[in-house]
Amino acid sequence: MRQILAIIDSVSEWSGRLISVLIFFLAFFLLYDVIMRFAFNAPTIWCHELALHFFGAYAVLAGPYVLLHDEHVKIDLVYNIFSKRGRAIIDCFTYPLFFMFIGLLFWHGLHIGMRAFELKQTVSPSPWASPLWPVKLTVPLAAFLMLLQGLAQYIRTLNLAFTGKELS
């Protein structure tokens, strides 16, 4: 079990590190667009749109990494009153809600992404007409990775709630 959890954790860790590189591309595209627009009075059609695509992918694909490092938003004021085991017991009841939400996100995201791929959907008002399917397919990919990391976290939570010992 520990080996499976370690594999899931490493997938989330490395996918998060890989995705973090997108922020540099995002910054480059935005900087390039600003320089072209204001310094050379030659705005680009594609830069801003591509930056939005990169940001969308970055925002959803960072989720498993954030979950691995327990950095998602919680109501810490109430949550931290409890002991570690008490928090684990609370999490035992909240993780099924997480799985329902992320499962629906995966299911519907997959349908929406596949439909965008089949229709070769593009950004309609844009003269560049960039394809939307790659960005839309990042949603089910991110949801799948979130489900894996969530399962690993839930197994650890259940172990802590029932035994009082942390499973590393």
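The values are calculated or read from the model by the stated rules, or taken from the named source; none is laboratory data. Worth saying up front: this structure is predicted, and the values here are computed from it rather than measured. For neighbour counting, all protein chains shown are included, and Cβ atoms are generated from backbone atoms with ideal geometry for every residue, glycine included. Surface areas here come from the heavy atoms of the whole protein model, side chains and all, with no ligands, DNA or RNA. Shrake-Rupley method; radii C 1.70, N 1.55, O 1.52, S 1.80 Å.
Could you tell me which residue of region 77-99 is least open to solvent (accessible area, probe 1.4 Å), considering only residues that are under 17 Å from T163 (Cα atoms) and in contact with a Leu (Cβ under 9 Å, 6 or more places away or on another chain)? Steps first, answer last, please.
To start, the set of residues in region 77-99 that are under 17 Å from T163 (Cα atoms) comprises 82-93.
Now narrow it down to the ones that are in contact with a Leu (Cβ under 9 Å, 6 or more places away or on another chain): 84-85, 87-89, 91-92.
Numbers: K84: 115, R85: 105, R87: 51, A88: 4, I89: 79, D91: 25, C92: 23 Å².
In this case the residue turns out to be A88.
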May I ask you to list pairs of residues, at least six apart or on different chains, whose Cβ atoms are under 7 Å apart, with the first in region 7-36 being in contact (Cβ under 8 Å) with a residue 12 or more places away in the chain and over 29 Å from A152 (Cβ atoms) and the second being aliphatic (A, V, I, L, M) and open to solvent by less than 60 Å² (accessible area, probe 1.4 Å)? F29/L50; F29/A51; L30/A51
Of the conditions (1) surrounded by fewer than 17 Cβ atoms within 10 Å (Cβ to Cβ); (2) at pLDDT 95 or above; (3) of a type in the set (S, T, Y), the single one that T157 does not satisfy is (1)
Could you check region 62-97 and list, in sequence order, the residues that are within 20 Å of G16 (Cα to Cα) and not hydroxyl-bearing (S, T, Y)? A62, G63, P64, V66, L67, L68, H69, D70, E71, H72, V73
Can you spot a residue in region 114-134 that is under 15 Å from the mean Cα position of the chain (by Cα) and open to solvent by less than 50 Å² (accessible area, probe 1.4 Å)? no
